[in-house]
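Some notes on the structure that comes next.
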Amino acid sequence: MYQTASFRFTQQKWSAGEFPAAKFLNSFRDRRTSYWWNPTLGRSPRMPIRLRSPARLIPTGDDDRALLARFARTGDQTAFATLVQRHGPLVLGVCRRVLRDPHRADDAFQAVFLVLAKRAGAVAAGPSLANWLFGVARRVSLAARRDDRRWTRRQKRGAKEGEKTDQAATPDAATTQPAEWDDLLGSLDDELARLPDALRAAVLECYFREKTQDEAARTLGWSVSTLRRRLDRAKDLLRVRLTARGATFGAALIAGAVAASAATASVVPALVQATATVGVAGRAGGSVAASITRLAKGGTRMSLATKLGLGGLAVGTVALGVSFGAGVWSSDPQAPRNDLPAAVAPQTAVAAAEDPPAVVVKPTPVEKPGVPAKPTEVPRVTTPPVIPAQPPLIPAQPPKGSVQPPALGNEWATITGRVKMTNPPEKRSIAVVADKEHCLSRGAQFYEDLIVNPKNGGVKYVIVWLRPDSVDRKDPFPKDRIHPDLIRATSKNHVIDQPCCQFVPRVLAARVGDTLEIKNSAPVPHNINFSSDDQAFNVTIPPGQFHKLERPLVAQATPIPFKCDIHPWMAGRLRVFEHPYFAVTDDDGKFEIKNAPIGKWRLVVWQENGFHKGRAGILGEPIEVKSGGVEMPPVELELPKP
């Protein structure tokens, strides 16, 4: 890439004897600085200008686009290996944080670059290769993790049915627990993936690739001001969303975390060469390991025609299986996975064709690191099994002392409770600089990010909600456990007002499909800067006017921030849920959740400064909802330290 430098001199001509050109340029190369030069006064550092080494002004052809284009045109393995070496730490770090298994992460790593090799020509025309690889690495790794979990569930089902399952089939939980820093980097990966492409590209080019803003802007084809604006926007979104997850990142720490996420995953030269070989073979249509090819399919988004074709194939396969009977299929949950190497298939086919009623087949090891394959019996059934007539079903008497399912009408209850804080911090006053006459008309202004009732300690604007009793925070609320009257959501219009230089309400909870309106009942203009995954805007609302969102609200895992740029202390949060079981505390810290399903759940308590008990409170506290209602003891709010 060409780089330019501007020189200013007080005199147009200067003598080479007084200051040789070589010495002049070498001084810039060593110090990375430049000076005004005056042959009479000498050099002066008072008015510095920026100058880079002249060696970098020469186009070397080693930028991402040139290397990709060369590989797509000639299949140059050296060019592809350079790309793997350059972007490998980013890809390998993403794969390892998702999969937690170094062997599977290496397979996913090679699958990502196999996708790149097959699409090199199209990707070369894109603005940011790092951004593209990040997205593909996430999709490949998540697809591999889903495949691993399905395999693990099948192993567990086999164990429950009486089959002996090798203890190594399920990794020890103690050995798979990630470190706290890995958790933070994993959260950062999740939030980077949620950013729009333009914002994510700016973060990756500046922080992972460690480019200057000028270099990153030139690479992405933007102006420097556009890059800075998008970079600031990305850092603001990451800071808000990571804080909602219980992780407090400053702008500098976000930059360091992005760089560290790649630095922690070094790529050994052997893996680089193996991946380059896979890329060349994939481009030429050669032979590639089945495990890598299968994972690479998870990195491409299927078109609608492909999905319809696979759907029709699945229907035809099911119909064919029903017509042939149970003898064709093996129902053994311990049977080998479908992703066995090709060498296993002929043995299995021979075993199914022999006369004995059962043949023991010893397949090659399953592609699960640390999990030895076990001999599996493949039954040969020539006729459908005869199912004897079953006697009439008689309801069995439940064991003594067992918990009975509730009768119809008793499976719903009301949850009530209260959130309080015994020793709240002191209020912080606001130095009002804009519209003082109006903003101070009702007295001094204080920050309202934490409002505690001085009479009873109740905390206002705390959102509480129910979630499944599981350790996976992404598990959705089961729709079949929602009250029949609440399954179909009724759209509700929410209003946020700005009467006296504060948002009322400051914190709001809504359900999918609700609408939102921001009103200005004050005699001075206000601004609303609203940013969600679905829609974002920054408008000024004149006195007595309002602004309504164009579309209904959609669910979002993190709180949606909104603020006023005219009065910077004005800020608020909005959470949107897919279910109706949430509430916001009132002035006394009280909340009520009606028609909640009985059973075991978790109750999450969130305040705009973080979750109750910090990261430990992200999953919520276990709660058992019983018939007749639940009155919880007061919750003493514990916020994470800033």
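So the values come out like this:
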item	result
Selection from segment 479-514 of residues that are open to solvent by 30 Å² or more (accessible area, probe 1.4 Å), in a loop (DSSP other than H, G, I, E, B), out of contact with any Gly (no Cβ under 6 Å at 6 or more places or on another chain) and polar (S, T, N, Q)	Thr490
Helices (runs of 4 or more DSSP H) wholly inside segment 188-277 that include at least 3 residues being closer than 18 Å to Asn131 by Cβ and modelled with pLDDT of 85 or more	197-203, 213-220, 224-244
Output for segment 536-555, where each listed residue is open to solvent by less than 20 Å² (accessible area, probe 1.4 Å) and assigned to a loop (DSSP other than H, G, I, E, B)	Leu549, Leu553
Scan of segment 432-444 for residues that are open to solvent by 20 Å² or more (accessible area, probe 1.4 Å) and in contact (Cβ under 8 Å) with a residue 12 or more places away in the chain, ordered by number	Ala434, Asp435, His438, Ser441, Arg442, Ala444
Where a residue in segment 121-139 is over 21 Å from Thr74 (Cβ atoms) and its partner, wherever it lies, is among the aromatic types (Phe, Trp, Tyr), with Cβ under 7 Å and at least six apart	Ala130/Phe208
Residue list for segment 423-458, filter: hydroxyl-bearing (Ser, Thr, Tyr) and within 26 Å of Thr585 (Cα to Cα)	Ser429, Tyr447
Meets criteria (open to solvent by less than 80 Å² (accessible area, probe 1.4 Å) and closer than 22 Å to Asp587 by Cα) for Arg467	no
Residue in segment 561-569 that is within 22 Å of the chain's Cα centre (by Cα), within 30 Å of Leu440 (Cα to Cα) and either assigned by the TED database to the domain that holds Arg511 or in a strand (DSSP E or B) (or both) present	yes
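The values are calculated or read from the model by the stated rules, or taken from the named source; none is laboratory data. Predicted model, so just to flag it, every value in this text is computed and none were measured. Glycine also receives a Cβ, built like all others from the backbone with ideal geometry; neighbour counts cover every protein chain displayed. Heavy atoms of the whole protein, side chains included, go into the accessibility calculation; ligands, DNA and RNA do not. Shrake-Rupley method; radii C 1.70, N 1.55, O 1.52, S 1.80 Å.
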